[in-house]
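Heads up: the structure comes next, in structure tokens.
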Amino acid sequence: MTTPPAYTLISADGHFNEPGDLWTSRVASKFVDQVPRIESFDEGDAWVMDGAPTTRPFGWGACAGKSPDQMGKWCRFEDLNPGSYDPKARVAEMTADGIDAEVLFPSGIWQWISAAPDDELHLELVRAYNDFVSEFAAHDPARLGGMAMLPSRGVESTVAELKRVLEMPGFVGLLLTCYPNGTLDIEPEDDAVWGLVQESGLPLAIHVMLSNRMPRPLVAQGLPGTVHFNDAPQRILQFIFCGVLDRFPDLTIPMIETDCGWLPYFAEQADDNYLRHKDSSLRDQNLPMLPSDYMAKHFPATFINDSYAIHNRHRIGVDRMMWSNDYPHITSDWPYSWKSIKASFADVPTDEKHAILCGNAQRVFGFGG
């Protein structure tokens, strides 16, 4: 009998920079000219896709380990750390950072997939992506955890793809980018998907937000990442007040890259407003539990750098918090994650530190099981 590996650090949110031929080499020939592909420009390389409003350079998604003067919006694909797209290299890069296992999510190109204008094209893109992730994670499933993307062009096709990926190696969870019915509102027919997800035992993650349209070009300079929690409260309330969690009480829905410090405030406000309105004409649904109880049970969350959350971990719930290094994005401290961890967790007891850095992610995503 093989002894399960001992884990001390799990990143619950890492990313790919997908290889340029991921879709061109895997979709039906009639779609080859419509799928995401890499093209070279004077400034560097970028993803392009018919119908996308802008190109998507690699720079900010490939900054980990670079000096500040090397960081920028543009770079060449050949200059990326190969662990972005090669599993053997990824394991080596994780080892260099002292990371035992990592949950793997797509680059921001997922929004293009979710918003693909043709339903058949959308399904081709999702299937090709899932095939790639399965092959990647199967290289070392004790360390690499793939997230299977669910399509969102009707419950029937979502169920079909879900059943397909459940037979494939390498997956530790499912990624929701839009509700199965194709909108940003939960509908009764989506129950067929939630039931199968619950039966699978896999977590159903939302990474930052749900979307069913192409990302808009930025019209003003801002600070990416500072409002990653913006969409999450709405999705949490939808799952609660649509009764999904009462009908499927074993669902786990991790909120990925949303940080954790806002969770106690949101739970407090949700409870207060629910109690004020639950017997009024504005509210025709009384919940079996308070909103905060659903949140504590069903919605763990990940953070990258969130000292406020660490200081307020008991208000959040130590068992809900999962650390990540967001590699290879600009927010990652690779290959010095442990240096940052030792500074931010200096006053955290050993058992709580282990839960946040490893144990919670191991439980949610099933590493070593």
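Conditions tested, residue by residue: (1) under 20 Å from HIS228 (Cα atoms); (2) of a type in the set (Lys, Arg); (3) out of contact with any strand residue (DSSP E or B) (no Cβ under 6 Å at 6 or more places or on another chain).
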{"residue": "PRO254", "(1), (2), (3)": "yes, no, no"}
{"residue": "GLU257", "(1), (2), (3)": "yes, no, no"}
{"residue": "ASP319", "(1), (2), (3)": "no, no, yes"}
{"residue": "SER332", "(1), (2), (3)": "yes, no, yes"}
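Just to verify a result, which residue in the range 141-174, among those that are in contact with a strand residue (DSSP E or B) (Cβ under 9 Å, 6 or more places away or on another chain) and part of a loop (DSSP other than H, G, I, E, B), is nearest to ALA89 (Cα to Cα)?
ARG143
Residues in the range 224-237: is at least one touching a helix residue (DSSP H, G or I) at 6+ places or on another chain (Cβ under 6 Å), touching a residue at least 24 places away in the same chain (Cβ under 8 Å), farther than 21 Å from HIS207 by Cα and part of a helix (DSSP H, G or I)?
No, the conditions are met nowhere in the range 224-237.
Under 7 Å by Cβ, and 6 or more places apart or on different chains, what pairs join a residue from the range 70-99 that is in contact (Cβ under 8 Å) with a residue 24 or more places away in the chain with one that is of a type in the set (Lys, Arg)?
GLY83/ARG90; VAL91/ARG143; MET94/ARG143
Being touching a strand residue (DSSP E or B) at 6+ places or on another chain (Cβ under 6 Å) and surrounded by 15 or more Cβ atoms within 10 Å (Cβ to Cβ) narrows it down to one residue among ASN325, ASN305; which is it?
Criteria check complete, one pass: ASN325.
Being farther than 30 Å from TYR85 by Cβ and either surrounded by fewer than 18 Cβ atoms within 10 Å (Cβ to Cβ) or among the polar types (S, T, N, Q) (or both): is that true of ASP231 here?
Against the criterion (farther than 30 Å from TYR85 by Cβ and either surrounded by fewer than 18 Cβ atoms within 10 Å (Cβ to Cβ) or among the polar types (S, T, N, Q) (or both)), ASP231 does not qualify.
Output yes when any residue across the range 45-60 is part of a loop (DSSP other than H, G, I, E, B) and farther than 29 Å from ARG127 by Cβ, and no when none is.
no
Can you tell me how many residues in the range 13-34 are closer than 21 Å to ASP86 by Cα and part of a loop (DSSP other than H, G, I, E, B)?
12
I need every pair where a residue in the range 339-361 that is part of a loop (DSSP other than H, G, I, E, B) has its Cβ under 6 Å from the Cβ of a residue that is surrounded by 10 or more Cβ atoms within 10 Å (Cβ to Cβ) and not aliphatic (A, V, I, L, M), sequence separation at least 6 or different chains.
PHE345/LYS353
Looking at the range 100-110, is at least one residue in contact with a Cys (Cβ under 9 Å, 6 or more places away or on another chain) and among the charged types (D, E, K, R)?
Yes, the conditions are met somewhere in the range 100-110.
Kindly establish whether LEU196 is at pLDDT 95 or above, part of a helix (DSSP H, G or I) and either buried (at least 22 other Cβ atoms within 10 Å of the Cβ) or of a type outside the set (Val, Ile, Thr) (or both).
Judged against the criteria, LEU196 is a match.
Given (1) surrounded by 22 or more Cβ atoms within 10 Å (Cβ to Cβ); (2) under 22 Å from MET209 (Cα atoms), where does ILE330 come up short, assuming only one miss?
(1)
Can you confirm whether the range 125-134 contains a residue that is without any contact (Cβ under 8 Å) to a residue 60 or more places away in the chain and more than 19 Å from the chain's Cα centre (by Cα)?
no
The values are calculated or read from the model by the stated rules, or taken from the named source; none is laboratory data. On a predicted model such as this, the values are computed, not experimentally measured, just so you know. Please note: Cβ atoms are built from the backbone with ideal geometry, for glycine as well, and neighbour counts cover all protein chains shown.
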